[in-house]
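Reading through the structure tokens given below for one structure.
The values are calculated or read from the model by the stated rules, or taken from the named source; none is laboratory data. Since the structure is predicted, the reported quantities are computational estimates derived from the model, not experimental observations. Cβ sites come from the backbone with ideal geometry, for glycine too, and all protein chains shown count toward neighbours. For accessibility, only protein heavy atoms count, side chains too; no ligands or nucleic acids. Shrake-Rupley method; radii C 1.70, N 1.55, O 1.52, S 1.80 Å.
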Amino acid sequence: MAVVRVVAAVLSLSLLAGCGPAAEAGSRADAITVKNCGIDVTVNGPPKRVFAAYQPAIEMAHALGISDRLVGTAYLDARVLPEYAAAQAKAKYFKNLPSREELLSQNPDFVLSGFNDVFSAGGSDSSFGSRKSLADLGVRTWIFSPLCPTADGKGDEAIDPATVSMDNVYADLRDLGRLFGVEDRAESVIADQQRRIAAVGNAVKNAPRPTVAIIRPALEGGGLTVSGGPDFGTVLIRQAGGVNAFADLTSKRNVKISVEEFIKRDPDYVLISGCCDAAMTAASSQPDVDKLLANPAYANLKAVRNRHVIPWLFANHSAGVRGAYTTENLAHILHPDLVK
């Protein structure tokens with residue numbers, strides 16, 4: 001049986017390489033090329049069979065109006081934003097990331113990923129293989145620019161913190177708008193994001209800037225996991241009128257620290273980042289909030305004394321078209337008198 005599966009996989013890869021819709025990208029005069037994370041992405045016309053991996057990519061596809069081109073979506077961290085719910089309900093959905101073989105069986109011509117680990121070269125079950133290996137089969141790929149690794153096949157340990165910005169989200173929208181032939185739609189999304197984020201900025205510009213920690217819900221045992229400087233939460237907290245209490249930790253997005261270090265930093269607000277289920281809402285993290293509030297080790301934290309421990313979502317601090325929504329939501333948490 002194993003031999004049969006290997007042969008079938010080889011045959012399917014050969015067919016994709018020879019007959020895939022993007023197999024000859026770059027050979028026509030009307031080809032479009034844009035650069036993403038240092039890699040040229042060339043298409044001979046708007047991609048028609050798009051696979052979106054992770055929440056940011058799924059919501060980006062819906063925002064750009066290409067829902068009808070999705071041959072598959074995978075691994076939502078939470079419910080999609082309400083404006084995308086109807087479109088996502090019609091999309092084929094994988095609860096977990098498919099294997100490389102399963103991905104290729106959908107015959108995609110483009111893979112859009114909200115995170116860089118699906119293109120890691122380590123051969124893990126959650127990896128589709130390096131971007132070059134997919135390009136060799138005629139499948140074009142895209143990583144959200146705020147998460148660009150320093151080289152193809154690398155992951156979060158190789159993110160350049162300088163790329164973590166809303167400007168790079170806007171650049172992605174423009175570039176993807178060109179590739180998918182939806183430039184006007186992309187500019188409309190950008191204008192909406194910029195308008196809403198600017199409105200929050202004006203509202204909080206003279207307000208004190210509280211410190212904010214985003215933590216994962218494993219609250220017992222050997223330490224905590226917090227969002228460090230390269231996490232997009234740093235940008236969103238700043239836009240909302242706060243400061244990431246752990247922005248100086250820049251080795252990777254998610255950083256493990258000791259309980260003692262967390263207590264020493266004593267953030268003004270603690271956001272408990274809940275994940276990962278397509279039905280998850282912020283309220284799903286309330287049990288973890290209650291657990292932290294009841295833990296005597298944290299009793300003297302400002303956030304605990306002031307009941308500023310908030311159930312939140314991992315999806316809210318991922319780079320993408322949630323930027324405006326999260327900025328508004330977080331600004332209301334930090335500055336409720338200024339942002340309604």
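Would you be able to tell me the number of residues in region 65-78 that are open to solvent by 30 Å² or more (accessible area, probe 1.4 Å) and in contact with a Leu (Cβ under 9 Å, 6 or more places away or on another chain)?
The total comes to 1.
Looking only at region 79-88, filter to residues that are crowded, with 16+ Cβ neighbours inside 10 Å and hydrophobic (A, V, I, L, M, F, W, C); which one of those is farthest from the chain's Cα centre (by Cα)?
Ranking the candidates gives Ala87 first.
Need the failing condition index for Pro230 against (1) out of contact with any Phe, Trp or Tyr (no Cβ under 9 Å at 6 or more places or on another chain); (2) open to solvent by less than 10 Å² (accessible area, probe 1.4 Å); (3) closer than 24 Å to His335 by Cβ, just the number.
Looking at each condition in turn, Pro230 falls short on (3).
Between Ser124, Ser99, which is modelled with pLDDT under 95, more than 26 Å from Gly228 (Cβ to Cβ) and open to solvent by 20 Å² or more (accessible area, probe 1.4 Å)? Let's see the steps before the verdict.
Numbers: Ser124 fails: more than 26 Å from Gly228 (Cβ to Cβ).
Answer to the check: Ser99.
If you go through region 227-244 one residue at a time, do you hit one that is free of Cβ contacts under 8 Å to residues at least 24 places away in the same chain and over 30 Å from Arg69 (Cα atoms)?
yes
Looking only at region 153-191, which residues are among the β-branched types (Val, Ile, Thr), in a helix (DSSP H, G or I) and at pLDDT below 95?
Thr163
Among the strands (runs of 3 or more DSSP E) contained in region 215-290, which hold 2 or more residues that are within 16 Å of the chain's Cα centre (by Cα)? Lay out the reasoning, then the answer.
Values: elements: 224-227, 254-257, 269-274.
Answer list for region 215-290: 269-274.
Do you know which residues across region 312-335 are open to solvent by less than 10 Å² (accessible area, probe 1.4 Å) and assigned to a helix (DSSP H, G or I)?
If the condition is that a residue be open to solvent by less than 10 Å² (accessible area, probe 1.4 Å) and assigned to a helix (DSSP H, G or I), then Ala315, Asn316, His317, Gly323, Ala324, Thr326, Thr327, Leu330, Ala331 are the ones that fit.
Return the residues of region 44-55 that are open to solvent by less than 10 Å² (accessible area, probe 1.4 Å) and either part of a strand (DSSP E or B) or within 20 Å of Tyr170 (Cβ to Cβ) (or both); say none if nothing qualifies.
Val50, Phe51, Ala52, Ala53, Gln55
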